[in-house]
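Take a look at the structure set out below.
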Amino acid sequence: MPSLRLLNVTKRFGSIKALDDVTFEVRDREYLCVLGSTGSGKTTLLRSIAGILTPDEGEIFIDGKKANTVTPEERNAVYVPQSYALFPHMTVLDNVMFGPLAKETKRAAAEETAMRVLKLVRLDGRADALPSELSGGMQQRVALARGLASGSSLLLLDEPLGALDVRLRLELRGELRKLAKDSGFTVIHVTHDQEEAMTIGDRILVLRRGKLQQHGTPYHVYNRPERIFVANFVGNTNFLEATVKSRGKEGSTLRLREDLEVRVLDPSFEPEEAVIVAIREEKTRITPEPVGDEPNRLSGEVKEVHFLGSYIRYAVRLTNGDEVAARLPVGEAEAEIRHGDWVSISFDPADTHIYEYPTLGLPSELEAS
Amino acid sequence: MPEVVVSRIKKDYGKVTALNDVDLTIKDGEYLSIVGPSGCGKTTLIKSIAGVVQPDSGDVTIDGDRVTQLPIEDRGVGYVFQEIALFPHMNVYDNVSYGLMVKGAAPAEREGPVEEMLHMMNLEGYVTSYPRELSGGAKQKTAISRALTSGSTLLLLDEPLGALDLKVRTVLRYELRRLVKDLGLTAVHVTHDQEEALSVSDTIVVMKAGRIVESGPPMQLYMRPREIFTAKFLGEANFIPGTMVESKARRVKVKVNGSELRAINVETSPAVGEPCVLAIRPEFIELSKKTRKPNTWACEVAGASFVGDAIRYTLRAKDGSTLLVKAPVTGVEASLEEGQAVYATFPEGRLLVYRQPPEGLEKALSLE
């Protein structure tokens, strides 16, 4: 049964480190989602595990055995690339049966497996079609089906839902996970879609510029982002520049620009230190008037109102010029907050995260790649 | 100021009909988005407005002038598409001033409009950069600037943000809307990203199989879609087949596997005794461990997944059907476990009733 371990893996392309000292483990039957933007190194990571690329430094262990010098064919891992390479002269069914038959499975059994995975990707009705008769999204689903049917139990999927229509992508997420779990696969699934990663993965690994940023359960990564980059990349977050004013047992008091003050729970920074306060948009409360005595009450003017479907998002400029956004579920947003209104903004000290002020400034930390 | 009128345009590609008698009016100053599944005809429609595609029949007028036969360069439109096409050997400034140069404007005449555009798009810092030195977002902003500098007031955006990373895309979509409004442009924007369409548009057009299914303001299409396909395509929805038992003005009663649910109709009510379909968005279903509320089903939690700002539950109802529920991450709703019993309440004003589609529910909701 496949487990996987990477130890200090570095891969260079010329002067660029596509992977920079990456270390992590994937347990047997775990579903890991690797999340990152274009150029983060996620495809290089997958190709290194598949054996298509050889790392310059570090080691890769599959099932506890060092795999660096093992050929791709002998790694018992199947790599499904983003660009689907189907056999053009074979039908969909034959493409999908190719793996099982190569392993000398009996034809009837191979066909049963193939039809089961084709049903999963909603293409059982097109089993007799040739790849050229299918749309790009359909071809990608065939490639995914072929990977699923291959008999390998370590699946390396590069944006497996990427070329699909949005709606279909949403529908297939749950089923892909279910199939992996039912079949006992260990999966590494690369995606740039944070919601996809959170929905499917047992754990998420966030990559940026070849470096591992955070590795943990979706809940952990979302609620305890260890870096500004992760807090920004996963979810929607407000960042405010601040200086620590004082700290005590109950937490710290921070000074925002123009001497506005907020309280936070984290006491780990010294007075006068420059920090960044992070607060999720959905944890930022917005009300037309101040209500009761909420902690951290600020006021500002609504600059923009964005309807997002299940949420309405309000972009607010605070009295000190800082900008924050708050979002309300569309069902609760009937209190009619409009563009140009003055509103009260507040948040719970427990919902904040504090980070050291980045050496290169906040904008550089927020860049996706 | 441009008003665009598309009348009865038809376009076939071999046996496939991409546009099937489409009528559409885009008002002056309007930000209109076109959405729909792959192959619905949205790209062919915007290309017909741009002049990149010639419709087989029908007409396109811009500002009252019939432009159907005119090529793109004579239509006075700014056209931006997903594949960013900048001149690689020209810097940002020269790329943006290209349109004016072609029109014969002297360098001194170009300066003003180009600088103003670069300022509006926050590109001042990149004036001397070459495309290869820019991020995807900055490249696309340059392409948009170039499309607008030649003075076009009709901006045609064909998946302009499609190739960009999510975060960049989100920031840029708000900038795009601001730009269109500040400059008083008319914009037509084709996108596969429904959140993008919902958040930037004055009007959304939903297409399927070469036809317009429905159009209207984003909030209306999301909260009160007139067509069942809109409910399916924009946002998410649960669909529950039933039979009409009572209809009074807009309020109806529907029988579903022995239970009765109260709902409202959006347009015309199905007749009493006829089959119908109920629809409700996952975030409008209320969960509780105990309740006496009407319109409630006893269910069991079949699956849960954390998506950050919400928890997505799959519930199994008594009749075996499944419900998707999107619940907030705080309160009792956040702590339900697989196998646990839970009550799902459908608030009457959020449960919408539709006629049973003549082609069958599955076909009506199909994306292909």
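The values are calculated or read from the model by the stated rules, or taken from the named source; none is laboratory data. Note that this is a predicted model, so its numbers are computed, not measured. Counting neighbours? That spans all protein chains shown, and the Cβs are built from the backbone with ideal geometry, glycine included.
Selection over region A:236-265 of residues that are surrounded by 15 or more Cβ atoms within 10 Å (Cβ to Cβ) and over 22 Å from A:D293 (Cβ atoms) gives a count of 7. In region A:266-299, the qualifying residues are those that are surrounded by fewer than 16 Cβ atoms within 10 Å (Cβ to Cβ) and among the small types (G, A, S), and the one that is nearest to the other protein chains (Cβ to nearest Cβ) is A:G292.
Each residue in region B:189-203 was checked for being touching a Ser or Thr at 6+ places or on another chain (Cβ under 8 Å) and buried (at least 23 other Cβ atoms within 10 Å of the Cβ), and 7 pass. Can you name the number of the only condition in (1) within 12 Å of chain B (Cβ to nearest Cβ); (2) over 28 Å from the mean Cα position of the chain (by Cα); (3) not acidic (D, E) that A:G309 fails? Going through the list (1) within 12 Å of chain B (Cβ to nearest Cβ); (2) over 28 Å from the mean Cα position of the chain (by Cα); (3) not acidic (D, E), A:G309 breaks only (2).
Look at A:V302 and say whether it is more than 28 Å from A:E226 (Cα to Cα), of a type in the set (A, V, I, L, M, F, W, C), assigned by TED's automatic domain parsing to the domain that holds A:E258 and assigned to a loop (DSSP other than H, G, I, E, B). When the stated conditions are applied, A:V302 does not pass them. Step by step: first the residues of region B:287-317, then only those that are more than 28 Å from A:I204 (Cα to Cα) and of a type in the set (G, A, S), then the one that is farthest from the other protein chains (Cβ to nearest Cβ). Which residue is that? Among those residues, the one meeting the criterion is B:A298. Restricted to region B:210-222, and to residues that are more than 10 Å from chain A (Cβ to nearest Cβ) and out of contact with any Ser or Thr (no Cβ under 8 Å at 6 or more places or on another chain), which residue is nearest to A:S310 (Cα to Cα)? My answer is B:Q220.
Could you say whether any residue in region B:123-137 is under 29 Å from the mean Cα position of the chain (by Cα), under 25 Å from B:V4 (Cα atoms) and either part of a helix (DSSP H, G or I) or assigned by TED's automatic domain parsing to the domain that holds B:V180 (or both)? Walk me through how you get there before you give the answer.
So in region B:123-137, the residues under 29 Å from the mean Cα position of the chain (by Cα) come out as B:123, B:134-137.
Now restrict to residues that are under 25 Å from B:V4 (Cα atoms): none.
No: region B:123-137 contains no residue that is under 29 Å from the mean Cα position of the chain (by Cα), under 25 Å from B:V4 (Cα atoms) and either part of a helix (DSSP H, G or I) or assigned by TED's automatic domain parsing to the domain that holds B:V180 (or both).
Within region B:138-165, being within 14 Å of chain A (Cβ to nearest Cβ) and either surrounded by fewer than 23 Cβ atoms within 10 Å (Cβ to Cβ) or assigned to a loop (DSSP other than H, G, I, E, B) (or both) holds for B:A138, B:K139, B:E159, B:L161, B:G162, B:A163, B:L164, B:D165.
Of the residues making up region A:292-309, not a single one is in contact with a strand residue (DSSP E or B) (Cβ under 8 Å, 6 or more places away or on another chain), acidic (D, E) and under 23 Å from A:P358 (Cβ atoms).
Being buried (at least 19 other Cβ atoms within 10 Å of the Cβ) and in contact (Cβ under 8 Å) with a residue 12 or more places away in the chain is the requirement here; does B:K47 meet it? Taking the combined requirement at face value, the residue satisfies it. Among the residues of region A:247-273, the one identified as closer than 22 Å to A:T319 by Cα and within 29 Å of the chain's Cα centre (by Cα) is A:V264.
Tell me the residue from A:R29, A:R126, A:R47 that is of a type in the set (K, R), under 21 Å from A:S183 (Cβ atoms) and in contact (Cβ under 8 Å) with a residue 24 or more places away in the chain, please. Give the steps one after another, and end with the answer.
Values: A:R126 fails: under 21 Å from A:S183 (Cβ atoms); A:R47 fails: under 21 Å from A:S183 (Cβ atoms).
Answer to the check: A:R29.
Is it true that A:E241 is at pLDDT 95 or above, more than 13 Å from chain B (Cβ to nearest Cβ) and outside any strand (DSSP E or B)? Considered against the rule, which asks whether it is at pLDDT 95 or above, more than 13 Å from chain B (Cβ to nearest Cβ) and outside any strand (DSSP E or B), A:E241 comes out as no. Here is the figure for region A:318-344: residues that are exposed (fewer than 15 other Cβ atoms within 10 Å of the Cβ), within 14 Å of another protein chain (Cβ to nearest Cβ) and over 17 Å from B:V329 (Cα atoms) total 5. Scanning region A:19-66 for residues that are closer than 19 Å to A:F233 by Cα, assigned to a loop (DSSP other than H, G, I, E, B) and among the hydroxyl-bearing types (S, T, Y) yields A:S37, A:T38, A:S40.
If you check B:D23 against the conditions, is it assigned by TED's automatic domain parsing to the domain that holds B:L148, surrounded by fewer than 14 Cβ atoms within 10 Å (Cβ to Cβ) and at pLDDT 95 or above? Quick ask: steps written out before the conclusion?
Details: assigned by TED's automatic domain parsing to the domain that holds B:L148: yes; surrounded by fewer than 14 Cβ atoms within 10 Å (Cβ to Cβ): yes; at pLDDT 95 or above: yes.
Yes: the conditions hold for B:D23.
Of all the criteria given as (1) hydroxyl-bearing (S, T, Y); (2) over 30 Å from A:Y79 (Cβ atoms); (3) modelled with pLDDT under 95; (4) touching a helix residue (DSSP H, G or I) at 6+ places or on another chain (Cβ under 7 Å), the one not satisfied by A:T199 is (2).
Residue check: A:A231 meets all listed conditions (1) within 13 Å of chain B (Cβ to nearest Cβ); (2) more than 22 Å from B:D165 (Cβ to Cβ) but one, namely (2). Looking across region B:229-243, just one residue is more than 14 Å from chain A (Cβ to nearest Cβ), touching a Lys or Arg at 6+ places or on another chain (Cβ under 8 Å) and under 18 Å from B:G349 (Cα atoms), and that is B:G242. As a summary of the residue check, A:T105 satisfies the conditions (1) within 14 Å of chain B (Cβ to nearest Cβ); (2) out of contact with any helix residue (DSSP H, G or I) (no Cβ under 6 Å at 6 or more places or on another chain) except for the one numbered (1).
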